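The values are calculated or read from the model by the stated rules, or taken from the named source; none is laboratory data. The structure displayed is predicted, hence computed values, not measured ones. Cβ sites come from the backbone with ideal geometry, for glycine too, and all protein chains shown count toward neighbours. Protein only, heavy atoms only, side chains kept; ligands, DNA and RNA dropped before computing areas. Shrake-Rupley method; radii C 1.70, N 1.55, O 1.52, S 1.80 Å.
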Amino acid sequence: MITTRLILAGALAASALGFAAAPAHAADDATVSVLHGVPGATVDVYANGSALLTDFKPGTLTDPVKLPAGEYDLKVTAAGAGADGDAVIEANDVNVPGGANITVVAHLDAAGKPTLTPFVNDVSTMDAGMGRLTVRHVAAAPEVDVRANGKVAFASLANPKEVKADLAAGTISADVVLAGTDTVAIGPADVTLKEGTNTIVYAWGSAADANLALAVQTISGLHSSPTGVPAGSGGQADDAALAAQMGAALLTAMAAGAGVLAVTRRKATERA
Amino acid sequence: MPRILKARVAVAAAAATLAGVVTFTAMGGTRDPASALAAAEAALPTTSPTVVVSTTNTVSPTPSVSASRSPNPRTTGVLRASDASLTAARPASRPPTRIRIPSLGAVLGIDPMGLDRDGAMALPESPSRAGWYRFGPTPGEGAGATVVAAHIDSRAEGAGPFAGLRTLDKGDLIEVVAGRTIRYRVTDVLRIDKGELDLDSVFSRTGPERLHVVSCGGPFNRVTRHYEDNIVVIAVPVGAGSP
């Protein structure tokens, strides 16, 4: 079927493909997730007196929620204790900055006391082919080294600090050792660093209670696109080349036809 | 037969170029290529521009919590939490291994590909093998564009199966094997100058699930040994509404 369904694009400016503008107030909101890293306690979480989370089990992570920027009084109670129940953890005037992506972690401090720590998540764009690894020490345990494939990647990480790096996307075998030693505290475990994703690993639990564990949170959509698709180097499928071949084929056909005519005429002449 | 068909298309296109006329033949309406790529992505609303926290649960209603210390803040719902352990089950996704384009008589094996030294998508050397951009969505993953590309030709092998991409029509069938066979229908065939191509749209990971089959085309620059344009074929899963 002859077709001219080749759509010749005019200028395809990137601005023509601009995303719809976000609503004005969205810039003031923060994106907040909550991780429960206190072993053994199923809890309810209140923000400014309202229930944010109920029946929250250790080792679980909430979906992210948009909250207006500002200061929040956070309270963690035993499940079912009610808004006025005894606080397992209480933190007042916790600052939630507008536009930030935050994980609030309920965890044990280095001495084993329950506490709340807000961490700001790095959601900046990374290069294509890369993944971001973030590691947060939120366990009742001493300083640790974080190892990737047996080699120390981050040294002397203490509760409640974090470390991060952009690495080539792929799977690493990760473990956590007591700082400066080969004594494994957690792991090893396979951690997949997905491309364009911030993979946030939490070391949580209690060394004294032998329940140290790793939890993971992933934030996607931070990737960059490739710089192009270079899909041809032969030149044989070039428009002009094909047109030239077409032209050459026509000329060849015409010449062949003329030759046939000439031969025929000669024969006719000879016969006559 | 395919060779002559391509020659006719090339002559028509060359004639249009010579005439200085930008010929636009819409396949699905009066959309221009820019909005064809963008419309496919914009069809689904997104709550946040880029950031998605992956969990195994669906998103629950958003609680309404006031930042002020008013005496009676209202809550409209409660958050749900899901297992954050390292071994929590993640949905399996199968990479594509073969692409079939019956109207071209084309069948190509697909290799997962990453980036070349220049940060561009890497491709198998032979035009008779296709590459899948392995950092993007797999077919059937539910959102975003699965990108499958192949060289239109090479010095060693000449023109390959994807040299016929630009002859595809709206409605043509494309099949991709990823464990099971997923069937797509072509909605757009675009030829876009490389300098103007919006790569974020070609490699988009959001919006409705779709297939982008990519190669090169247009005039060939004999000095740089590169084609000036990319050919992008957009196809949607059979059964999906047209964008």
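Taking segment B:178-211 only, how many residues are assigned to a strand (DSSP E or B) and surrounded by 17 or more Cβ atoms within 10 Å (Cβ to Cβ)?
To start, the set of residues in segment B:178-211 that are assigned to a strand (DSSP E or B) comprises B:178, B:180-193, B:208, B:210-211.
Then keep just the ones that are surrounded by 17 or more Cβ atoms within 10 Å (Cβ to Cβ); that gives B:178, B:182, B:184-192, B:208, B:210-211.
The total comes to 14.
Given the residues B:V148, B:V107, which is the only one that is in a strand (DSSP E or B), surrounded by 17 or more Cβ atoms within 10 Å (Cβ to Cβ) and of a type outside the set (D, E, K, R)?
Numbers: B:V107 fails: surrounded by 17 or more Cβ atoms within 10 Å (Cβ to Cβ).
None of the others qualify; the one that does is B:V148.
Could you tell me whether segment A:96-110 includes any residue that is open to solvent by less than 40 Å² (accessible area, probe 1.4 Å) and without any contact (Cβ under 8 Å) to a residue 40 or more places away in the chain?
Going through segment A:96-110, the residues open to solvent by less than 40 Å² (accessible area, probe 1.4 Å) turn out to be A:96, A:100-108.
When the remaining residues are screened for being without any contact (Cβ under 8 Å) to a residue 40 or more places away in the chain, the result is none.
Checked against the condition, which is being open to solvent by less than 40 Å² (accessible area, probe 1.4 Å) and without any contact (Cβ under 8 Å) to a residue 40 or more places away in the chain, segment A:96-110 yields no hits at all.
Kindly provide the set of residues from segment A:51-69 that are closer than 17 Å to A:L116 by Cα and either in a strand (DSSP E or B) or in contact with an Asp or Glu (Cβ under 8 Å, 6 or more places away or on another chain) (or both), ordered by number.
Within segment A:51-69, A:A51, A:L52, A:L53, A:T54, A:F56, A:G59, A:T60, A:L61, A:T62 qualify.
Please enumerate the residues belonging to segment A:146-164 that are exposed (fewer than 13 other Cβ atoms within 10 Å of the Cβ) and under 19 Å from A:N121 (Cα atoms).
A:A158
Could you tell me how many of the residues in segment B:212-238 are open to solvent by 10 Å² or more (accessible area, probe 1.4 Å), farther than 23 Å from A:A128 by Cβ and at the interface with chain A (Cβ under 7 Å from one of its Cβ atoms)?
The total comes to 4.
I'm told B:G171 meets every condition in (1) in a strand (DSSP E or B); (2) of a type outside the set (S, T, N, Q); (3) farther than 20 Å from B:I110 by Cβ except one. Can you identify the failing condition by its number?
All conditions pass for B:G171, except number (1).
For segment B:110-143, name all the residues that are assigned to a loop (DSSP other than H, G, I, E, B), under 13 Å from the mean Cα position of the chain (by Cα) and at the interface with another protein chain (Cβ under 10 Å from one of its Cβ atoms).
B:R134, B:F135, B:G136
Please verify whether segment A:34-50 includes one or more residues that are more than 19 Å from A:V201 (Cα to Cα), of a type in the set (S, T, Y) and crowded, with 22+ Cβ neighbours inside 10 Å. Explain how you work it out, then say what you get.
Step one: list which residues in segment A:34-50 are more than 19 Å from A:V201 (Cα to Cα), which gives A:40-50.
Pick out the ones that are also of a type in the set (S, T, Y) and you get A:42, A:46, A:50.
Narrowing the set further to residues that are crowded, with 22+ Cβ neighbours inside 10 Å leaves A:46.
Yes: one or more hits.
Do we have any residue at all in segment A:104-119 that's in a loop (DSSP other than H, G, I, E, B), modelled with pLDDT of 95 or more and at positive phi? Walk me through how you get there before you give the answer.
At the first step, the residues of segment A:104-119 found to be in a loop (DSSP other than H, G, I, E, B) are A:109-113.
From what is left, the residues that are modelled with pLDDT of 95 or more are A:109-113.
Among the residues that remain, those that are also at positive phi are: A:112.
Checked segment A:104-119: at least one residue is in a loop (DSSP other than H, G, I, E, B), modelled with pLDDT of 95 or more and at positive phi.
Which residues, taken from segment A:165-185, are crowded, with 16+ Cβ neighbours inside 10 Å and facing another protein chain (nearest Cβ under 10 Å)? Quick ask: steps written out before the conclusion?
Of all residues in segment A:165-185, those crowded, with 16+ Cβ neighbours inside 10 Å come to A:166-167, A:169, A:172, A:174-177, A:179, A:185.
Of everything in segment A:165-185, those that are crowded, with 16+ Cβ neighbours inside 10 Å and facing another protein chain (nearest Cβ under 10 Å) turn out to be A:A169, A:A174.
Can you tell me which condition A:T77 does not meet? The list is (1) more than 9 Å from every other protein chain (Cβ to nearest Cβ); (2) under 28 Å from the mean Cα position of the chain (by Cα); (3) in a strand (DSSP E or B); (4) farther than 26 Å from A:A158 by Cα, and all the others hold.
(2)
Here are B:R100, B:R94: which of them is within 24 Å of A:S225 (Cα to Cα) and either open to solvent by 40 Å² or more (accessible area, probe 1.4 Å) or within 11 Å of chain A (Cβ to nearest Cβ) (or both)? Talk me through it step by step, then tell me what you get.
On the way: B:R100 fails: within 24 Å of A:S225 (Cα to Cα).
After ruling out the rest, the residue left standing is B:R94.
Can you name the condition, by its number, that B:Y133 falls short on among (1) closer than 29 Å to B:R222 by Cβ; (2) of a type in the set (S, T, Y); (3) open to solvent by 10 Å² or more (accessible area, probe 1.4 Å)?
It fails just one condition, (3).
Would you confirm whether any residue within segment A:58-76 is farther than 23 Å from A:T31 by Cα, in contact (Cβ under 8 Å) with a residue 24 or more places away in the chain and either aromatic (F, W, Y) or buried (at least 19 other Cβ atoms within 10 Å of the Cβ) (or both)? I'd like the intermediate steps shown before the answer.
Initially, segment A:58-76 is screened for residues farther than 23 Å from A:T31 by Cα, giving none.
No - not one qualifying residue is present in segment A:58-76.
Being of a type in the set (K, R) and within 22 Å of B:Y133 (Cβ to Cβ) is the filter here, so list the residues in segment B:193-243 that pass it.
Restricting attention to segment B:193-243, the residues satisfying the condition of being of a type in the set (K, R) are B:194, B:205, B:210, B:222, B:225.
Passing the criteria: B:K194, B:R205, B:R210.
Being touching a Phe, Trp or Tyr at 6+ places or on another chain (Cβ under 8 Å), open to solvent by less than 10 Å² (accessible area, probe 1.4 Å) and among the small types (G, A, S), is that true of even one residue in segment A:123-131? Talk me through it step by step, then tell me what you get.
Looking only at segment A:123-131, we keep the residues that are touching a Phe, Trp or Tyr at 6+ places or on another chain (Cβ under 8 Å), and these are A:128-129.
Subset that is open to solvent by less than 10 Å² (accessible area, probe 1.4 Å): none.
No - not one qualifying residue is present in segment A:123-131.
Hey, among A:L250, A:L214, which residue is facing another protein chain (nearest Cβ under 10 Å), at pLDDT below 85 and open to solvent by 10 Å² or more (accessible area, probe 1.4 Å)? Walk me through it before giving the result.
Working: A:L214 fails: at pLDDT below 85.
A:L250 is the lone residue from the list that is facing another protein chain (nearest Cβ under 10 Å), at pLDDT below 85 and open to solvent by 10 Å² or more (accessible area, probe 1.4 Å).
So which residues in segment A:111-122 are under 23 Å from A:A169 (Cα atoms) and surrounded by fewer than 19 Cβ atoms within 10 Å (Cβ to Cβ), if there are any at all?
Of everything in segment A:111-122, those that are under 23 Å from A:A169 (Cα atoms) and surrounded by fewer than 19 Cβ atoms within 10 Å (Cβ to Cβ) turn out to be A:V120, A:D122.
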